[in-house]
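Okay, structure first, notes after.
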2 protein chains.
Amino acid sequence: MLTRKKGRAALFLTLILLAALALSACAAKPETAEQAAPQSASDPLPSWNEGSTKDRILKFVADVTDAAGASYVPPADRIAVFDNDGTLWTEKPVPVQAAFAVARVAQMAPDHPEWQTTQPYQAILEKDLEMLQSLGLEGVEELVLGTHAGMTEEEFESIAGSFLATARHPRFDVLYTETVYQPMLELLAFLRANGFRTFIVSGGGVEFMRVFSEEVYGIPRENVIGSSLQYEFQTTPDGGVLIRQPELVSFDNEAMKPASIQLHIGRRPIVAVGNSDGDLEMLQYARAGQRPFLALLLHHDDAEREYDYLTGAEEVMAAAAQSQWLVVSMQRDFATLFPYEAGD
Amino acid sequence: MLTRKKGRAALFLTLILLAALALSACAAKPETAEQAAPQSASDPLPSWNEGSTKDRILKFVADVTDAAGASYVPPADRIAVFDNDGTLWTEKPVPVQAAFAVARVAQMAPDHPEWQTTQPYQAILEKDLEMLQSLGLEGVEELVLGTHAGMTEEEFESIAGSFLATARHPRFDVLYTETVYQPMLELLAFLRANGFRTFIVSGGGVEFMRVFSEEVYGIPRENVIGSSLQYEFQTTPDGGVLIRQPELVSFDNEAMKPASIQLHIGRRPIVAVGNSDGDLEMLQYARAGQRPFLALLLHHDDAEREYDYLTGAEEVMAAAAQSQWLVVSMQRDFATLFPYEAGD
């Protein structure tokens, strides 16, 4: 089971990389902005359409915050965890960090003449999709480690910040940080207004997400949990720095997600939000707690406004159908998708 | 350097274990309660004696919270990290978790007949100090892993909670959680009242500390960083559980402390508080940030009220003398030591 999933993960990562490369030079026209959803002072979730999904979210929060009710959960236990790619922002055509890695290769190539003859860099520089495909998971790992390590944390954040401040989504032609989902921003704020602490638990790199988590999601850096590299502490004349090592310590996906939740939070979440099989174990872990529990699964079924896909979410959707997990239909439940459409 | 420190760490751990064993059956008479420090509504640190140490703490907090001043630090960056053993609570005659491990051996022995002939358990059960000493670091590791793993997180917390609810400090004859330092509790609360987020960064086990961190320190579970074991996720009929594995993932000491701060917090602290060489790298890391920075080192120089020792703190004290790090003298600066003496 684990092996099968790992094999599939390798395939996905390779396909993602291929797509990132293919798309690295193109940008489609921006879509026409949608009609902004009507804003209401009394509605904490104005970008969610009325219906059973929204009702269930509102009822859950009302129940767990009603001190006189049977479902009351004290504030200390109000933990909400969110996956990032595909849950809080668009992960198509490729996860943003894959686009970043490909961009980094081009940027770093002048200082790495050996990359002209070293894989997977050579394939990326030559846009050799066939060769890249043949490199598999090891090639992807090498790429991430080669482009994300060998510098201080501060240097990495500066580089990632520059990318996020300039690179544009190939279809929507906006900054990647503008492809976050307005309904999810509202849900995050609504939960926090009701005493929840909100966390990201993602397979993405922890430092990559921290570059924008506070400003965009209102999630402080210490509440961002993700994949991480080994750090090496080096003393300096004025103290010390951490150098990012080309060694993956944690790939925060699948069964690693509940382990990371335990390591970083130490409580089972009562709200867990995801969109793919990588979130299955996180939802299972949260479900087995002693508290009321709300699981949300975002189903990307909106090709017109975003994307329509189920690949990589088959298992978690099957589990949702057998449980009380709430499948959120982007087409049906999201009145507005992106903040720039909401007219803020 | 690293090897030397590791060798010394092994020696310390062994000595700690020996002391824990020797003390596991004895309890001295309680000390006479001290005169409680005068409480003042306007003094946020009533258990700190007046003087330059207290003045410097108060001035630092006033400076970084003065929005018009040159030393202003926005709330997002107000991170304070505290070591635990010997900084927030008494670590003599042995760290509390060592006493817990020894107690666990006696408790678990009936279910482990093989321990009668397996080291280090046999030595502990037979109180064979000489044999125990010869086992070194590997014996200590085996002991911790053997007594702390093989159960769910919930089970471990229940066991640790029972120990902390009943076991008493051999000298002070109070619960171990009553040997926390009242001045440090006040400092934690004072920092939080000024917009700081407070964290523990300790070599102690993260789940062991979480059992009491919220109630005793006001530090939420997610702000506790410590040594951790490998977790294995197992699905269950109603979801899933994490089983603690006998494998150490992180010994959160020395150079691991800055790495853990980066992994869990993602910001350099502007307040760092410690008491031993295990805190040196944490202080160095915090010092090299771009913000104003306050380092406190607790010097245990009070044999009458607590303990007087410098062993294991030689390097960090030498570094403090060369820097602007503030050495807190327990004898001079602490008006009251323990909460039960403060008359609350």
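Can you list, bin by bin at 10 Å, the percent of alpha carbon pairs in segment A:94-241, starting at 0?
Binned Cα distances yield the sequence 10, 34, 33, 18, 5, 0.
Can you give the relative contact order of chain A as a percent, counting alpha carbon pairs under 8 Å and 6+ residues apart?
Reported relative contact order: 24 percent.
In nm, what does the list of distances from A:S323 to its counterparts in the other copies look like, shortest first, when each label sits 7 Å along Cα to Cβ?
4.5
For A:D66 and A:M151 in one chain, what is 0.36 nm times their gap in residues minus the Cα-Cα distance, to one decimal in nm?
That works out to 25.7 nm of additional length.
When A:T65, A:T235 are ordered from fewest to most other Cβ atoms inside 10 Å of their Cβ, what list results?
Details: A:T65 18, A:T235 15.
Listing A:T65, A:T235 from fewest to most nearby Cβ atoms yields A:T235, A:T65.
What are the principal axis extents of the Cα atoms in the protein assembly as shown, in Å, biggest first?
78, 55, 53
Hey, got the dipole for chain B? About the Cα centre, +1 on K and R Cβ, -1 on D and E Cβ, debye to the nearest 20? Don't skip to the end; give the middle numbers.
Values: 26 positive and 48 negative charges, 191 e Å.
That gives chain B a dipole magnitude of about 920 debye.
Just to be sure I understand the model, the point goes 7 Å from the Cα along the line to the Cβ. What's the resulting B:E232 to B:Q116 distance in nm?
2.8 nm
When the Debye formula is applied to the Cα atoms of segment A:74-169, each taken as the same point scatterer, what base-10 log of I(q)/I(0) results at q = 0.12, 0.17, 0.19, 0.22 Å⁻¹?
-0.48, -0.85, -1.01, -1.24
Say a label goes 7 Å from Cα toward Cβ at A:M131 in every copy; what distances in nm does this one have to the rest, shortest first?
Result, one decimal in nm: 6.4.
Please compute the net charge surrounding A:S227, taking Lys and Arg as +1 and Asp and Glu as -1 over other residues with Cβ under 10 Å from its Cβ.
Summing Lys/Arg as +1 and Asp/Glu as -1 gives -2.
Over the residues of segment B:197-344, compute the C-alpha Rg and express it relative to 2.2 N^0.38 Å.
Its radius of gyration relative to the 2.2 N^0.38 Å reference: 1.20.
Tell me, how many Å apart are the Cα centres for segment A:172-191 and for segment B:288-338?
A separation of 46 Å, based on Cα centres.
Can you give the Rg and Dmax of segment B:152-219 based on its C-alpha atoms, in angstrom?
Taking only Cα atoms of segment B:152-219, I get Rg and Dmax of 13.3, 37 Å.
Suppose you put the label 7 Å out from Cα in the Cβ direction; list, shortest first and in nm with one decimal, how far B:E50 is from each other copy's label.
Reported distances to equivalent positions: 6.7 nm.
For chain B, state the average projected area of the convex hull of the C-alpha atoms over all orientations, rounded to one decimal in nm².
Details: hull surface 75.3 nm².
The number I arrive at for chain B is 18.8 nm².
Can you compute the helix-only [θ] at 222 nm over chain B? Use -39500 (n - 2.57) per DSSP H run of at least 4 residues, normalise by all residues, nearest 500 deg cm²/dmol.
Helix-only estimate at 222 nm: -12000 deg cm²/dmol.
For segment B:289-336, go through all pairs of different Cα atoms, get the mean of 1/r, take its inverse, and jot down that Kirkwood value in Å.
Values: mean 1/r = 0.0849 Å⁻¹.
After inverting the pairwise mean of 1/r, the radius is 11.8 Å.
Going by the rotation axis that takes chain B to chain A, pick out the residue of B with the closest C-beta and quote the gap in whole Å.
Per the B/A rotation axis, the closest residue of B reads B:H264, 3.
FYI, it's all coordinate maths here, none of it is from the lab. Every value quoted in this text rests on a predicted model; they were computed, and no experiment measured them. For neighbour counting, all protein chains shown are included, and Cβ atoms are generated from backbone atoms with ideal geometry for every residue, glycine included.
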